[in-house]
Amino acid sequence: MLSKIIEEALNKQIKIEAESSQIYLAMACWAEVKGLEGVAGFMYDQSQEERDHMLKLVKFVNERGGHAQVSALAAPNVTFEGFREMFQELFNHEVFVSDSINELVHISLQEKDYATHNFLQWYVSEQIEEEAMARTILDKINLIGDDKGGLYLFDRDIQQLSVTTASAETPE
Ligand code: FEO
């Protein structure tokens, strides 16, 4: 059984994962209308992953005697100065999510809720991967600079990156 404190903290994370999904969906749309098909595909995949992160939490809360809350979400940015700024925002957002997961882990220990603590370890690992991937992408973008040919290749390669990442993950 979840304590009220844990239930509230997990519900807060459910909202963050839902907002993450919307943030990346907005990025997918922006990239798609700009003709960056690879980037758009990558962002659609990211958006779907975030929805999966949210659902995993929803099911955990409901199965442990809590009630998962589906709440109103903050509106995401829908336009970006450029694709570099967009990926910087993705990276910053993932750092924010990692901080939030760390705080949750901390609360689970304070509450001596070891089942939740154990459940959260999946998110801890996931955040390491997501931050690393965002950092790798930003490094690539910095290498490309303003080179249009480089952007074309980047758009082609990023789709491959998301396919590789997805296939490297073990389905839950
Ligand atoms: Fe679910 Fe990208 O954090």
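Before moving on, here are some points about what is shown:
- Within the range 89-130, being surrounded by 13 or more Cβ atoms within 10 Å (Cβ to Cβ), under 11 Å from the mean Cα position of the chain (by Cα) and within 18 Å of residue 12 (Cβ to Cβ) holds for 93, 94, 95, 97, 98, 123, 126, 127.
- Residue pairs whose Cβ atoms lie under 7 Å apart, separated by 6 or more positions or on different chains, with the first residue in the range 48-60 and among the charged types (D, E, K, R) and the second near the ligand (Cβ under 9 Å from one of its atoms) and modelled with pLDDT of 95 or more, are 50/17; 50/20; 50/21; 50/24; 51/21.
- Here is the figure for the range 127-139: residues that are in contact with a helix residue (DSSP H, G or I) (Cβ under 6 Å, 6 or more places away or on another chain) and either more than 11 Å from the ligand (Cβ to nearest atom) or on the phi > 0 side of the Ramachandran plot (or both) total 2.
- Flag for residue 4 being surrounded by fewer than 18 Cβ atoms within 10 Å (Cβ to Cβ) and within 15 Å of the ligand (Cβ to nearest atom): no
- Among (1) away from the ligand (no atom under 15 Å from the Cβ); (2) under 19 Å from residue 124 (Cα atoms) - the single one residue 90 does not satisfy: (1)
- The listed residue being within 18 Å of residue 155 (Cβ to Cβ), under 15 Å from the mean Cα position of the chain (by Cα) and without any contact (Cβ under 8 Å) to a residue 40 or more places away in the chain, out of 133, 86: 133
- Applying the criterion of being among the β-branched types (Val, Ile, Thr) and in contact (Cβ under 8 Å) with a residue 40 or more places away in the chain to the residues of the range 99-126, the residue that is nearest to the ligand (Cβ to nearest atom) is 101.
- Restricting attention to the range 14-33, the residues being of a type outside the set (Asp, Glu), in contact (Cβ under 8 Å) with a residue 24 or more places away in the chain and either under 19 Å from residue 159 (Cα atoms) or near the ligand (Cβ under 9 Å from one of its atoms) (or both) number 11.
- Number of positions in the range 107-122 that are under 17 Å from residue 49 (Cα atoms) and touching a Leu at 6+ places or on another chain (Cβ under 8 Å): 1
The values are calculated or read from the model by the stated rules, or taken from the named source; none is laboratory data. This one's a predicted model, so the numbers in the text were calculated from it and none came from an experiment. So basically every Cβ, Gly included, is an ideal-geometry build from the backbone, and we count neighbours across all protein chains shown.
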